[in-house]
Amino acid sequence: MDLPIDPTTLIYEVDGHVATVTLNRPAALNSFNQPMLEEFSHVWRTVREDDDVHAVVLRAAGERAFSTGIDVKERMEVHPNPWSYTDPGEYLSPKLNRVWKPVVTCVQGMAAGGAFYWINESDIVICSEDATFFDPHLTYGLTAALEPIGLARRVPLGEAL
């Protein structure tokens with residue numbers, strides 16, 4: 001099954017019963033922007049509805065970063081009413097998009113902030129020797145909550161904190 005769009009920030013390929021999704025913004029350290037959010041929404045719907053896809057491999061182009069989270073250099077579409085704010089995870093998260101097929105995430109280089117939407121919800125995370133994890137939320141005056149809570153399932157709490 002093909003995507004209903006022609007993605008500009010992702011590469012979507014199916015080989016056998018495995019869909020491979022590649023974050024494809026290496027010049028921006030694979031940070032996500034509004035187009036990537038919208039493309040992921042299509043990707044997850046396609047994966048969910050395609051009975052020939054049995055599993056997903058998520059990876060990133062380039063060597064420096066898996067993903068550094070939100071692209072702080074680009075404006076995101078944000079509802080002016082903070083009570084109507086849509087979290088980026090509603091687009092990026094496989095579970096919030098009702099994808100119950102196994103997701104394997106391959107992490108190389110930096111993984112920061114919003115990258116944990118994928119890491120925390122993956123069934124298997126495979127890391128290269130150069131993988132580093134950090135949370136820049138405090139730098140931008142935000143609370144670090146989702147990231148350490150999800151990470152605590154995978155590593156000792158002290159390490160996550």
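Taking every C-alpha pair closer than 8 Å and separated by at least 6 residues, the mean separation divided by the residue count of region 62-110 gives a relative contact order of 62 percent. Distance between the pseudo-spin-label points of His79 and Val104 (7 Å out from Cα toward the beta carbon): 3.8 nm. Each stretch of four or more DSSP H residues adds -39500 (n - 2.57); spread over every residue of the chain, this sum gives -5500 deg cm²/dmol at 222 nm.
On the accessible surface of the chain, probed at 1.4 Å, how many percent belong to carbon and sulfur atoms?
55
Using only Cα coordinates, the Kirkwood hydrodynamic radius of the chain works out to 16.0 Å.
Return a whole-number percent for the relative contact order of the chain, with Cα pairs under 8 Å and 6 or more residues apart as the contact set. Please report the intermediate quantities before stating the final value.
Values: 297 pairs, mean separation 31.4, N = 161.
Relative contact order for the chain comes out at 19 percent.
Averaged per residue, what accessible area in Å² does region 1-69 show with a 1.4 Å probe, protein chains only? Kindly include the intermediate steps, with their values, before the conclusion.
Details: 3150 Å² over 69 residues.
Accessible area per residue: 46 Å².
The values are calculated or read from the model by the stated rules, or taken from the named source; none is laboratory data. In this text, all values refer to a predicted model and were calculated from it rather than measured experimentally. No Cβ is skipped: glycine too gets one built from the backbone with ideal geometry, and neighbour counts run over all protein chains shown. For accessibility, only protein heavy atoms count, side chains too; no ligands or nucleic acids. Shrake-Rupley method; radii C 1.70, N 1.55, O 1.52, S 1.80 Å.
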